[in-house]
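Throughout, read-outs are computed from the coordinates displayed, never taken from laboratory work. Keep in mind that what you see is a predicted model, and the values were worked out from it rather than measured. Because the Cβ atoms are built from the backbone with ideal geometry, glycine has one as well, and the counts that use them run over all protein chains shown.
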Amino acid sequence: MMKHVYLLLFMLIGANSFSQIPEFEFQLYFEDAAGNKDTITLGYDPSALETINPQFGEVNIKTTPIDTASLDVRATEGLISPGDDQFNFKKRIIPYDCAVEKLGSPIPIQIFTNHWPVNISWNKGTEFWDTCRQSSIFTSYHPGGWWDVGAPSHLKLYMNNITNQPITFYDNSFVPDYGYIDEEGNKITMFWFAFVKDFSQFVGSLSSFNPEGNKIGPYPNPFENSFNLPEDISPSKIQIRDIRGSKIEFEQKGNSINLINCNPGIYFLSFIANKQLYNFKIIKQ
């Protein structure tokens, strides 16, 4: 009898020694337009590695095929070039020490679905009011340009938002560096998450870079059949895409853009002006 008790104690102690609890972790919940759901867990610990952390329950699922019949969301470790990663995770714990760092390494989030848009939600309590993560963010903006360049879908979510409703966001993959086609031909959209204490080291701030409020943007917006761009910016390489990333044909007369043959809805406008790429969400009524 005592032998069995000792064996049980040994197994429990051994299991606990290989299953550590990180300093912080939480879940992100996703649901696409067809009702498919997926969940990932993100967190941090000062002792975590940039590669893989089995002690915190990380498992590399890189070789697991994308679930093309559903919604597939994964965290990765490849930061700059989409698809340039060795690890995929459903649980990702990064090294981050709030006492000495302003933010942890941004975590790339890759999303596959055939049914955009996607809703995101999380436990919107006070856990993100903590000083160490008070400016944490889920975003479509590439970390290589926070916040001095635009992003296709203009998604910038502070995690300390306590609104109880899920937040809807759109495909981000139709601009280079924001998505890729994997070896099986699946279109993968990239987003990024970061645990942030202080964003002051970046150009501007999350609230100060707002293309829709910039004088360079389209007007009126929303619009009925056409909108205008300011006459003094000389835009080039104008593109308009729908929420699925498909190119939309349009008529241009000077700086007036006509979408008379398009259905009402949300579209994404991009163009070059002053040697900079601008992206805007536009709404046809």
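Scalar couplings 3J(HN,Hα) for the range 38-55, obtained by applying the Karplus form with A = 6.51, B = -1.76, C = 1.60 to θ = phi - 60°, are 7, 9, 10, 10, 10, x, 8, 7, x, 8, 5, 9, 6, 8, 9, 10, x, 5 Hz; x denotes Gly and Pro. Inter-label distance, ILE216 to SER234: 1.4 nm, where each label sits 7 Å from its Cα along the C-beta direction. The modelled label-to-label distance between ILE266 and LYS62, using points 7 Å beyond Cα along the C-beta direction, is 3.3 nm.
Given axes a ≥ b ≥ c from the Cα gyration tensor, I'd like to know whether the range 24-63 is rounded (a/c under 1.5), prolate (a/b larger than b/c) or oblate. Oblate is the answer for the range 24-63, as a/c is 1.5 or above yet b/c matches or exceeds a/b. With a cut-off of 13 Å between beta carbons, the residues surrounding PRO166 carry a summed charge of 0, where Lys and Arg count +1 and Asp and Glu -1. Sparse packing (at most 12 other Cβ atoms within 10 Å of the Cβ) combined with a DSSP loop state is found for the following GluC sites (Glu not before Pro) in the range 218-267: GLU224, GLU231, GLU249.
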